[in-house]
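Input: a single structure, listed below in structure tokens.
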Amino acid sequence: MRIAVALLLVSALTAPTQVCTLYCDTRDPSLAHQETFPVGTKVLNGRQVRLHVDEADGMAWASIDNGVLNDSVWLDRSWDGGKTWDGLLGKAAIPGSWTGTRTLMFNMYDPSHHRRGVVRACGDAQGVGCTEWAYTNVCDQFCDGRDAGSAAGDTQPVPAATLNGRRFSLHVDNTGMAWTAVAGGRAGDEVWLDRSWDAGASWPDGSSLGRTTNSRTAMYATRDPRGWLYGGAVRACGRAVEGQNGSCTAWARPAADPVSAATEALAADYDPATGWWPSSWWNSAVALTTLTDSLARTGNTGLRWMIDRTFTVNRGTFPAGQRGSDPIEGDFRSRAIDDTAWWGLAWLNAYDLTRDRRYLDEAVVIADYVGGYWDTGTCGGGVWWDRERTYKNAVTNGLWVRLTAALHNRLPGDTAWLARARTAWTWLDHSGMINSSGLVNDGLTSSCANNGGTVWSYNQGLAIGGAVELWRATGDTSVLDRARTLAGAAVTSPALTRNGILTESCEPNCDDNAKQFKGVFARYFGEFARATGSYQDYARRQAEAAWSTRDSLNRLGLRWSGQAPNPQDWRTQASALAALLW
């Protein structure tokens with residue numbers, strides 16, 4: 001069969017918005033990484049209409065064979081389980097004497113906007129016909145529709161909903177499958193489950209799942225790895241036979257254990273299309289570091305693709321405004337030297353997990369760039385915070401100590417990075433930024449004195465983390481003793497700890513940067529606690545406090561004290577997750 005591809009230009013008034021995930025709509029099928037046929041062929045007046053799927057890339061296309069001139073084929077894509085759809089996607093007609101044609105490829109999923117699609121192939125050959133919709137069921141470890149009698153455990157994450165003496169309860173098992181059950185019901189009562197991919201804001205493809213007059217529904221998955229959809233929220237609903245009104249529980253996500261639950265909620269906010277957590281550049285580096293720590297701790301391999309995706313998409317250049325106010329100049333570099341260094345640590349962590357040499361090599365490239373801003377001509381040393389060389393501060397130099405020592409510990413036979421790490425630590429420790437109370441102020445004045453700036457938790461944490469990594473490299477106990485002093489100051493000073501809980505001075509009104517500071521502290525303080533056995537009760541208390549802030553969707557708040565208001569977003573999520581991982 002000879003194949004031609006032709007697109008039908010649809011009116012701009014009716015054309016659906018282009019979807020981009022790993023690739024954008026209208027990709028050439030010759031670039032597909034695989035080809036499967038998830039539903040049967042539709043035979044239409046002797047023509048064969050097929051749906052083709054590249055599961056690796058989440059894209060589909062349609063073809064028609066055994067056709068004649070002007071027979072046509074297209075894709076339909078639905079975001080509500082097939083109730084309504086965007087039709088005529090990529091419509092192509094057979095030209096000339098050819099006997100077949102195909103469409104271009106279109107995405108089946110839109111995780112950037114928390115939408116799960118289903119697709120079908122359709123043709124017009126003296127009559128219109130379509131295949132069945134593909135992937136109407138979500139499959140994780142198990143697929144939608146599994147008998148609740150097969151549940152691996154049973155927890156009820158939220159209180160039951162009540163209506164006319166009935167109790168409609170939400171149940172989840174250890175594999176993330178969910179179902180609804182009714183107690184105190186009567187014949188004719190109905191129960192069902194709703195599922196949402198955007199934290200309960202909408203549920204177009206997950207309404208009334210398993211609706212039945214039995215006492216419980218079948219089970220339904222709460223994550224769809226095929227569609228890069230994580231953190232699905234569910235609620236239990238029911239209706240009494242004697243009325244038309246229904247009642248539903250609150251939305252909830254499964255929580256098999258704190259680390260897995262918090263990680264899943266963080267993954268739900270990741271955007272595969274852009275390969276980061278919109279829209280903070282350095283914060284995404286820290287979030288990726290925390291995600292990688294979680295995967296290493298739990299052994300979860302299902303989210304490792306995010307590491308590669310972040311690397312692949314973001315290694316290039318971006319103009320100002322796409323990844324922040326500064327241009328990104330390739331290899332994660334920008335005029336903000338500290339932002340660049342965060343990515344260096346992220347790729348070292350990725351290397352530790354995957355042993356993929358690309359990440360270690362990238363960390364070296366980043367460190368070479370950061371090291372170019374070490375300057376002994378001002379204040380006797382230290383790395384500048386920015387390309388304009390306006391400020392020497394704690395965060396940039398804490399990062400530099402950690403990065404150089406970590407490179408030495410991962411590059412056999414190295415001496416150069418170790419020398420840099422020793423020099424960097426000596427300079428930081430004697431720069432004056434660490435005050436007489438053992439607390440790290442923000443930076444130095446133009447005359448190289450401590451500027452008395454805010455004691456931020458991440459500066460304290462980076463100094464501890466740099467010292468721990470250098471101690472690993474050298475065995476120098478004096479460096480570890482200095483880390484102990486810094487840790488003790490953090491635990492005892494009201495500048496960082498209030499009523500036993502790590503507290504940022506800006507709470508509850510921290511900006512997007514400061515929302516993530518405590519997680520940096522928690523990561524490196526936890527390393528110190530594990531390495532020495534010191535202050536483990538403190539680290540454990542932070543983990544318990546951070547987890548106590550969660551809501552029914554496992555979202556974790558900024559204020560680990562639990563006080564209101566308690567802002568939540570992916571930055572506070574990553575920060576609290578770091579505490580759970582101590």
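The values are calculated or read from the model by the stated rules, or taken from the named source; none is laboratory data. Because the structure is predicted, anything quoted here is derived from the model rather than measured. Here Cβ is always computed from backbone atoms with ideal geometry, including for glycine, and neighbour counts include all displayed protein chains. The accessibility values were calculated without ligands, DNA or RNA, using every heavy atom of the protein model including side chains. Shrake-Rupley method; radii C 1.70, N 1.55, O 1.52, S 1.80 Å.
Being more than 22 Å from G206 (Cβ to Cβ) and open to solvent by 10 Å² or more (accessible area, probe 1.4 Å) is not true of G123. For region 230-251, the set of residues classified as of a type in the set (A, V, I, L, M) and either touching an Asp or Glu at 6+ places or on another chain (Cβ under 6 Å) or surrounded by fewer than 24 Cβ atoms within 10 Å (Cβ to Cβ) (or both) consists of A240, V241, A250, listed by residue number.
Kindly indicate which of R422, R402 is buried (at least 22 other Cβ atoms within 10 Å of the Cβ), charged (D, E, K, R), touching a residue at least 24 places away in the same chain (Cβ under 8 Å) and not in a loop (DSSP other than H, G, I, E, B).
Values: R422 fails: buried (at least 22 other Cβ atoms within 10 Å of the Cβ).
The unique qualifying residue is R402.
Looking for something without any contact (Cβ under 8 Å) to a residue 24 or more places away in the chain, part of a loop (DSSP other than H, G, I, E, B) and not hydroxyl-bearing (S, T, Y) - is there at least one such residue anywhere in region 111-122? Within region 111-122 (the criterion being without any contact (Cβ under 8 Å) to a residue 24 or more places away in the chain, part of a loop (DSSP other than H, G, I, E, B) and not hydroxyl-bearing (S, T, Y)), the answer is no, since none of the residues qualifies.
Can you tell me which of G299, G324 is open to solvent by 20 Å² or more (accessible area, probe 1.4 Å), at pLDDT below 95 and over 16 Å from the mean Cα position of the chain (by Cα)?
G324
For C506, state whether it is within 30 Å of G324 (Cα to Cα), open to solvent by 10 Å² or more (accessible area, probe 1.4 Å), within 24 Å of the chain's Cα centre (by Cα) and at pLDDT 95 or above. Spelling it out, it is not the case that C506 is within 30 Å of G324 (Cα to Cα), open to solvent by 10 Å² or more (accessible area, probe 1.4 Å), within 24 Å of the chain's Cα centre (by Cα) and at pLDDT 95 or above.
Going through T162, T99 one at a time, which residue ends up being of a type in the set (S, T, N, Q) and surrounded by fewer than 16 Cβ atoms within 10 Å (Cβ to Cβ)? Full working, then the answer.
Numbers: T99 fails: surrounded by fewer than 16 Cβ atoms within 10 Å (Cβ to Cβ).
After applying the criteria, what remains is T162.
Only a single criterion out of (1) in a helix (DSSP H, G or I); (2) open to solvent by 20 Å² or more (accessible area, probe 1.4 Å); (3) farther than 26 Å from R484 by Cα is not satisfied by T390, namely (1).
Anything in region 8-20 that is assigned to a loop (DSSP other than H, G, I, E, B) and modelled with pLDDT of 50 or more? List them, or say none. Within region 8-20, T14, A15, P16, T17, Q18, V19 meet the criteria. Quick one: in region 103-114, which of the residues that are buried (at least 22 other Cβ atoms within 10 Å of the Cβ) and of a type outside the set (S, T, Y) is farthest from the chain's Cα centre (by Cα)? It comes out as M105. Residue pairs whose Cβ atoms lie under 6 Å apart, sitting 6 or more positions apart in sequence or on different chains, and linking a residue in region 155-171 that is touching a residue at least 40 places away in the same chain (Cβ under 8 Å) to a partner that is surrounded by fewer than 16 Cβ atoms within 10 Å (Cβ to Cβ) and of a type in the set (D, E, K, R), are H171/D154. Can you confirm whether region 362-371 contains a residue that is in a loop (DSSP other than H, G, I, E, B) and surrounded by fewer than 22 Cβ atoms within 10 Å (Cβ to Cβ)? Among the residues of region 362-371, not one is in a loop (DSSP other than H, G, I, E, B) and surrounded by fewer than 22 Cβ atoms within 10 Å (Cβ to Cβ), which makes the answer no.
Taking the stated definitions as given, is T415 open to solvent by 30 Å² or more (accessible area, probe 1.4 Å) and closer than 16 Å to R472 by Cα? So T415 fits the description; yes.
Restricting attention to region 457-478, the residues being open to solvent by less than 10 Å² (accessible area, probe 1.4 Å) and either under 30 Å from the mean Cα position of the chain (by Cα) or under 19 Å from F517 (Cα atoms) (or both) number 12.
Only a single item in (1) in contact with a helix residue (DSSP H, G or I) (Cβ under 6 Å, 6 or more places away or on another chain); (2) within 20 Å of V455 (Cα to Cα); (3) open to solvent by less than 10 Å² (accessible area, probe 1.4 Å) is not met by R523, and it is number (3).
Annotation note: of W282, W305, the sole residue that is over 16 Å from A267 (Cα atoms) and out of contact with any Leu (no Cβ under 9 Å at 6 or more places or on another chain) is W282. Close contacts from region 257-276, counting a first residue that is farther than 16 Å from D224 by Cβ and open to solvent by 10 Å² or more (accessible area, probe 1.4 Å) and a second that is of a type in the set (F, W, Y) and not in a loop (DSSP other than H, G, I, E, B), with Cβ to Cβ under 7 Å and a gap of 6+ residues or different chains, come to P258/W547. Take the conditions aromatic (F, W, Y) and closer than 23 Å to Y230 by Cβ and apply them to W547. Does it pass? It is true that W547 is aromatic (F, W, Y) and closer than 23 Å to Y230 by Cβ. Just checking, does region 169-176 include any residue being at negative phi, open to solvent by 10 Å² or more (accessible area, probe 1.4 Å) and hydrophobic (A, V, I, L, M, F, W, C)? No, region 169-176 has no match at all.
Restricting region 541-562 to residues that are of a type outside the set (D, E) and over 18 Å from F517 (Cα atoms), which is surrounded by the most Cβ atoms within 10 Å (Cβ to Cβ)? Among those residues, the one meeting the criterion is N554.
Applying the condition of being aliphatic (A, V, I, L, M) and within 21 Å of the chain's Cα centre (by Cα) to region 329-356 and asking which residue is most open to solvent (accessible area, probe 1.4 Å) yields L353. Evaluating G149 against the criteria (1) assigned to a helix (DSSP H, G or I); (2) buried (at least 18 other Cβ atoms within 10 Å of the Cβ) leaves one unmet condition, (2).
The residues of region 425-436 that are buried (at least 18 other Cβ atoms within 10 Å of the Cβ) and assigned to a loop (DSSP other than H, G, I, E, B), listed by number, are S431, M433. Kindly provide the set of residues from region 263-284 that are of a type in the set (A, V, I, L, M) and touching a strand residue (DSSP E or B) at 6+ places or on another chain (Cβ under 9 Å), ordered by number. Matches in region 263-284: A268, A273. For region 192-217, how many residues meet the condition of being open to solvent by less than 20 Å² (accessible area, probe 1.4 Å), assigned to a loop (DSSP other than H, G, I, E, B) and within 18 Å of A240 (Cβ to Cβ)? The qualifying residues number 1.
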